[in-house]
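What follows is one structure encoded as structure tokens, with my remarks underneath.
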Amino acid sequence: MTFKKIILKIHLWLGLGSGLIIVILGITGCIYVFDEELRPIVYHSRYYANEIKPEQKSLAELLKTAQDSIGNDKPINAIRVRNQKDATILFYASKERENKNAIWYWDTRAYSYTIYINPFTGKIQKIENTTTEFFEVIVFLHWSLLLTNNIGQPIVGIAVIIFIISLITGIILWWPKNKAAAKQRYWFRWKNNTQWKRKNYDLHNILGFYVTLFALLIALTGLVWSFKWFDNSIKWLANGGQTIERKQEDVASDISKNQNQNLLDKIYAAVQSDYPNAEGYTFSMPEDSLQSQSVYVDNGGNFGIVATQFDQYTGELLEKKTFADRNNGDKLRSLNYAIHSGGILGLPGKIMAFFASFICASLPITGFYIWWGRNNKKKKTK
């Protein structure tokens, strides 16, 4: 058996083995890449205030309204304030539950709600059961095939590794023997009488060639979430072969200064004053009496996130970290999603990622038809 025949066998069986999962990942990736752009359009009535007044209610008052709507047994974990005049404020409440026998991702969710509140009237515009929300289901289908993390993520990760090998073997098989053969490998040369089998073969070969570099980048950044060892390896490389442990700095709130008043609005005013042109502010609520109040400031772009920590009792700024304050490994890790989704290049990058993801989803299908057609031909010959 020749080298190319061995490569063909590897390419064939790896493709057949992982094909269905790659189709699912490709299609869900196509949808979720425009998540940020689609949500405000699809859910316009909940993302934008239906009534605007000169003054807004206090954030503490809106938090109480959100909490009362779902009950104190489901504490609000986070608040998302978008720096747009007509935007609603989003309040999140979610909790995972321990279930050793869990198989599906729903089995590990105790609850997950998003409350959309008009900041001018203080009225709730929507209470969303986020567990079954469309984009949430799409991202978890992409993340773990709707299985629990310990089951689904290794399956996805192994399928992606197989896909990477398939891309490499595909390029070896694609490589033309001479200049004459190369002419048919770079672009479609279809005529009116070109048969479907030939068209399908070209779709697999030519599109597969052009998408390879993009597909490898998407696949490798995806592996960062599937396997901790891969994540650590990427950080190690980015840090020049050094393992840098994260410093656990003391940014706890001082409970002795508990003034028994909600300083949420003081903290909100502070980040608004320091970053007036930010796209938004995300508050991660303290889980106990000692934790600090975290606020993530989104200044736009991939390098504009500022992580701040405030004392929940005094409103004093305890810590501030910008992109520049991180080591190279953490910088690269923070950009992983932007690279994976194409967002690192803005909307043009997302469009490229969309088409790359769509082509990736098509490759197992066109590849299967090539195999099926050849198998049928052999049976007819016999």
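The values are calculated or read from the model by the stated rules, or taken from the named source; none is laboratory data. Keep in mind the model is a prediction, meaning the values are calculated, not measured. No Cβ is skipped: glycine too gets one built from the backbone with ideal geometry, and neighbour counts run over all protein chains shown.
A few remarks follow.
- Just one of the listed residues (LYS257, LYS266) is basic (Lys, Arg), modelled with pLDDT of 90 or more and more than 27 Å from the chain's Cα centre (by Cα), and it is LYS266.
- Test: TYR105 is modelled with pLDDT of 95 or more and not assigned by the TED database to the domain that holds CYS360: no
- Among the residues examined, GLU133 does not qualify as at pLDDT below 95, within 23 Å of the chain's Cα centre (by Cα) and acidic (Asp, Glu).
- Taken as a whole, the structure leaves LEU63 outside the set of residues that are at pLDDT 95 or above and either among the β-branched types (Val, Ile, Thr) or farther than 17 Å from PRO286 by Cα (or both).
- Strands (runs of 3 or more DSSP E) wholly inside segment 285-352 containing at least 3 residues that are touching a residue at least 40 places away in the same chain (Cβ under 8 Å) and either farther than 23 Å from GLU36 by Cβ or of a type in the set (Ser, Thr, Tyr) (or both): 317-321
- Criterion: more than 20 Å from the chain's Cα centre (by Cα), on the phi < 0 side of the Ramachandran plot and modelled with pLDDT under 95 - qualifying residue of GLN272, GLN312: GLN312
- Restricting attention to segment 285-309, the residues that are small (Gly, Ala, Ser), out of contact with any Pro (no Cβ under 7 Å at 6 or more places or on another chain) and modelled with pLDDT of 90 or more total 2.
- Search result, residues across segment 64-89 that are surrounded by 15 or more Cβ atoms within 10 Å (Cβ to Cβ) and closer than 18 Å to GLN272 by Cα: ALA78, ILE79, ARG80, VAL81, ARG82, ASN83, ALA87, THR88, ILE89
- Output for segment 1-57, where each listed residue is part of a helix (DSSP H, G or I), under 30 Å from LEU146 (Cα atoms) and β-branched (Val, Ile, Thr): ILE10, ILE21, ILE22, VAL23, ILE24, ILE27, THR28, ILE31, ILE41, VAL42
- The condition (being buried (at least 16 other Cβ atoms within 10 Å of the Cβ), within 30 Å of PHE355 (Cβ to Cβ), within 22 Å of the chain's Cα centre (by Cα) and hydroxyl-bearing (Ser, Thr, Tyr)) is satisfied by just one residue among TYR113, TYR92, TYR47: TYR47.
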